[in-house]
1. Out of Gly198, Gly162, which single residue is farther than 30 Å from Ile56 by Cβ, at pLDDT below 95 and in a loop (DSSP other than H, G, I, E, B)?
2. Looking only at segment 126-159, which residues are of a type in the set (A, V, I, L, M), closer than 14 Å to Ile56 by Cα and either crowded, with 18+ Cβ neighbours inside 10 Å or modelled with pLDDT under 95 (or both)?
3. Taking segment 51-98, which residues are open to solvent by less than 30 Å² (accessible area, probe 1.4 Å), closer than 21 Å to Asp113 by Cα, touching a strand residue (DSSP E or B) at 6+ places or on another chain (Cβ under 8 Å) and not aromatic (Phe, Trp, Tyr)?
4. Among Ile127, Ile121, which is the only one that is closer than 23 Å to Cys37 by Cβ and either assigned to a strand (DSSP E or B) or of a type in the set (Asp, Glu) (or both)?
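The values are calculated or read from the model by the stated rules, or taken from the named source; none is laboratory data. As the structure is a computational prediction, the values presented were derived from the model and not from experiment. With ideal geometry, Cβ positions are generated from the backbone for all residues, glycine too; neighbour counts draw on all protein chains shown. Note: areas computed on protein heavy atoms with side chains; ligands, DNA, RNA excluded. Shrake-Rupley method; radii C 1.70, N 1.55, O 1.52, S 1.80 Å.
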Amino acid sequence: EHAKELGNAVPTSPFFFLKPTSSYVTSPGKIEIPQGCVVHHEVELGVVIGKTGRDISAASALDYVAGYALALDLTARNLQDEAKKKGLPWSAAKGFDTFTPIGPFIPADQVPDPHNVRLWIEVAGQIKQNGTTDTMIFQIPQLIEHVSRIMTLEEGDLLLTGTPKGVGPVRPGDSVVAGLEYQGKELSRIEFEAVDRG
């Protein structure tokens, strides 16, 4: 549904981009909104890789998962739209400092079925996204298989897995709160304040 809301075709194979670790920011913290950028939130389940592997089969993919984390994939949507038109990579749109707010590590045994996780985000006091990971276009084993056929996955790598419908803007002055729930139990909550990037 997220693909449809942006007017994108639903992909037939996984597509991914890289985000720098310098974009990570932990909760509680500040999200910096760069001048001239229309920044959108995307709440996501992060998959934390537990051991190095390449050419990992979907059947064994979950053996490589150490755990999970609640994360936000922030996007300068206007820069991404320009990059798409020109066929350019999305690094600038996705890679600003503070564009990957992230919660604490959740061990895999606390989430036996990662395709049954509820994710939500509230911006300026309003719920904007509230969905479950069972609506993913590609399940986590497929994502791990796909990425590991291209590049080696290493211990500590983080794969973000997609977002529910409802993405929208984050503006300076907004409070941003997100949560991750499994079987009705909240496992993670992160809180940020959006500020102008100085």
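1. Numbers: Gly162 fails: farther than 30 Å from Ile56 by Cβ.
Selected residue: Gly198, the only one of Gly198, Gly162 that is farther than 30 Å from Ile56 by Cβ, at pLDDT below 95 and in a loop (DSSP other than H, G, I, E, B).
2. Narrowing segment 126-159 to residues of a type in the set (A, V, I, L, M): 127, 136-137, 140, 143-144, 147, 150-151, 153, 158-159.
Filter once more, so that each one left must be closer than 14 Å to Ile56 by Cα: 140, 143-144, 147, 150-151, 153.
If the condition is that a residue be of a type in the set (A, V, I, L, M), closer than 14 Å to Ile56 by Cα and either crowded, with 18+ Cβ neighbours inside 10 Å or modelled with pLDDT under 95 (or both), then Ile140, Leu143, Ile144, Val147, Leu153 are the ones that fit.
3. So the first thing to find is which residues in segment 51-98 are open to solvent by less than 30 Å² (accessible area, probe 1.4 Å), and the list is 53, 56, 61, 65, 67-77, 80, 83, 93-95, 98.
Adding the requirement that they be closer than 21 Å to Asp113 by Cα leaves 56, 61, 65, 67-72.
Filter again for touching a strand residue (DSSP E or B) at 6+ places or on another chain (Cβ under 8 Å), leaving 56, 65, 67-72.
Across segment 51-98, the qualifying residues are Ile56, Val65, Gly67, Ala69, Leu70, Ala71, Leu72.
4. Details: Ile127 fails: closer than 23 Å to Cys37 by Cβ.
Just one listed residue meets the conditions, Ile121.
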